[in-house]
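Right, one structure below, let's go through it.
The values are calculated or read from the model by the stated rules, or taken from the named source; none is laboratory data. Small disclaimer: the values here were computed from a predicted structure and weren't measured. For neighbour counting, all protein chains shown are included, and Cβ atoms are generated from backbone atoms with ideal geometry for every residue, glycine included. What goes into the accessible areas is simple: the full protein's heavy atoms, side chains included, and nothing from ligands, DNA or RNA. Shrake-Rupley method; radii C 1.70, N 1.55, O 1.52, S 1.80 Å.
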Amino acid sequence: MSFKATARAGSNIAFIKYWGVADPHLNIPLNNSISMTLGALHTTTTVEWDVAGYLRADQIVIDGVRAEGPKAERVTRHLDFIRHLAGDRRFRARVVSRNNFPMASGIASSASAFAALTMAACTAIGLSLDRTQLSAIARRGSGSASRSIFGGYVEWERGGSDATSVARQLFPPDYWPLRDVVAVVSTNEKTVSSQNGHALALTSPLNSARVDAVYGMLQEVRNAIALRNLEHLGPLIEQDALAMHAVMMTSRPSLLYWQPGTLEVLHAVRRWREEDGLPVYFTIDAGPNVHLLCEPAFERELLRRLQTLSSVRTVMTSGPGEGAEVIDQHLF
Ligand code: DP6
């Protein structure tokens, strides 16, 4: 038996955000979140368990660079939990991971990374688990990774325990071929990781108001997706993105992820929508880049207009994609 497996998982873009934790150890969130798994922006990860016992420690390489410090510790902690589940704490692992998009730039690389790592590591160690169980495990590594286990349109139920705080698919990827056009205004590493940011949400006086508002919006968001109605969905997405950033800005210490380019894109999108009727809506994760959602018919026009904005460095695009999957092509 080989103790090696490779998995690929897409990143995801949240329509209703996960921001703030009720239980920081288990990553149990304050509210349900809803996202679209991205088909074109993904992480591939190969895990091989060293059953012969050559390795003294886990060996982790991310995008060609040996991971050390907190990044490596986070992966090792996740592997520790999987070792514990498999009932063998001795095995160390070789992990090689590759993203096809820049890390730590507000494109949720932790989501695809921990979804792919979970599926590859569990498969390689011989655990046979369903997607709901994988979602719970991925959540411990990174909250948003719980959603990337599933494809298409996905809701992560807050739940109240390790077993119930899991994601599920609302609609498959081919239900609605919405486009996510990411206007990249900066690719610098984030100054505050979302991991540290979640702990600060409770310090904002706006946090509870946002969480209450989310619970009023969830059914509307599900309905808008069910009806494939972007004109209904778009304003809800924008409202929660702005509410989340208001919480971030008003937490102690304050988090300000936006750059001047972020605002240039936001104003341009509103202008194009209001003056020219271009049906495009924005959302922003824990970074400066802006995700723009539109129907496929408007993507070309949107790309053309984004080229006229001085702060847009590059653009990445994706439609909805499948959930995490085991693949045959190992990275080593
Ligand atoms: C702003 O899942 O990256 O992208 O659990 O600490 O890894 P950790 O946080 P993470 O938080 C994502 C925050 C967000 C919103 C979202 O994707 O829902």
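Hey, got a sec? Which chymotrypsin sites (Phe, Trp or Tyr not before Pro) in segment 9-88 land in a DSSP loop and have at most 10 other Cβ atoms within 10 Å? Numbers along the way, then the final one.
On the way: sites: 15, 18, 19, 49, 54, 81; in loops: 18, 19, 54.
Here the sparse-neighbourhood loop sites are 54.
Order these peptides, 84-92, 139-147, by their mean beta-carbon neighbour count within 10 angstrom, highest first. Each step should come with its number before you reach the end.
Working: 84-92: 13.1, 139-147: 29.0.
Descending packing order for the listed peptides: 139-147, 84-92.
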>> Once ligands and nucleic acids are excluded and a 1.4 Å probe is used, how much of residue 98 is accessible, expressed in Å² to the nearest 10?
In response: 130 Å²
>> So, R0 is 30 Å and r is the distance between the beta-carbons of residue 212 and residue 274; what FRET efficiency does that work out to, to 0.05?
In response: 0.55
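Of all beta bridges DSSP finds with both residues in segment 4-174, what is the antiparallel percent, to the nearest 5? Walk me through the intermediate numbers first.
Values: 31 of 35 bridges.
Antiparallel bridges: around 90 percent, rounded to the nearest 5.
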> Tell me, how many Å apart are the Cα centres for segment 272-325 and for segment 51-121?
Replying inline: 31 Å
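Counting DSSP beta bridges in the chain, what percent are antiparallel, to the nearest 5?
Numbers: 48 of 52 bridges.
In the chain, approximately 90 percent of DSSP beta bridges are antiparallel ones.
Pop out the carbon and sulfur fraction of the accessible area of the chain as a percent, whole number, probe 1.4 Å. The partial results should precede the final answer.
Details: 7170 of 13930 Å².
For the chain, the apolar C and S fraction of the accessible surface comes to 51 percent.
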>> 7 Å from Cα along Cα→Cβ at both residue 330 and residue 86: what's the point-to-point distance in nm?
In response: 1.3 nm
>> Tell me the Rg and the Dmax, in Å, that the Cα atoms of segment 164-305 produce.
In response: 16.0, 45
> Relative to the longest principal axis of the chain, what angle (0 to 90°, nearest 10) does the C-alpha long axis of helix 207-226 take?
Replying inline: 90 degrees
>> Just to verify a number: what accessible area does residue 330 come out at with the full protein assembly present, 1.4 Å probe, Å² rounded to tens?
In response: 80 Å²
>> I'd like the orientation of helix 230-249 relative to the chain: the angle between its Cα long axis and the longest Cα principal axis, in ° from 0 to 90, rounded to 10.
In response: 70 degrees
> Heavy-atom accessible area per residue, the chain, 1.4 Å probe: how many Å²?
Replying inline: 42 Å²
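Just round it to a whole percent: the fraction of Cα-Cα distances in the chain exceeding 30 Å.
Working: 17302 of 54946 pairs.
In whole percent, the long-distance tail amounts to 31.
Going by average Cβ neighbours within 10 Å, how do the peptides 6-12, 37-43 rank, with the highest at the top? Please report the intermediate quantities before stating the final value.
Details: 6-12: 28.9, 37-43: 24.6.
In descending order of packing, they fall as 6-12, 37-43.
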> Rounded if a/c is under 1.5, else prolate if a/b beats b/c, else oblate: with a ≥ b ≥ c from the C-alpha gyration tensor eigenvalues square-rooted, which is segment 8-52?
Replying inline: oblate
> Dividing the Cα radius of gyration by the Kirkwood radius, what Rg/Rh value follows for segment 70-172?
Replying inline: 0.96
> Where does helix 131-141 land angle-wise versus the long Cα axis of the chain, in degrees 0 to 90, nearest 10?
Replying inline: 90 degrees
>> Could you give the length gained by full extension between residue 246 and residue 263, i.e. 0.36 nm per residue of separation minus their alpha carbon distance, to one decimal place?
In response: 4.7 nm
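Using only the heavy atoms of the protein chains and a 1.4 Å probe, how would 16, 327 rank by accessible area, largest first?
These residues rank, largest area first, as 327, 16.
Given the DSSP H assignment, sum -39500 (n - 2.57) over each helix run of at least 4 residues in the chain and divide by its residue total; what's the result at 222 nm in deg cm²/dmol, nearest 500? Before the final figure, lay out the partial values.
Values: 9 runs with 121 residues, N = 332.
Using -39500 (n - 2.57) per qualifying helix, the result is -11500 deg cm²/dmol.
If Rh is defined by the Kirkwood formula over all Cα pairs and Rg also comes from Cα, what ratio Rg/Rh do you get for segment 7-154? Don't skip to the end; give the middle numbers.
On the way: Rg = 14.5 Å, Rh = 15.3 Å.
Ratio value, two decimals: 0.95.
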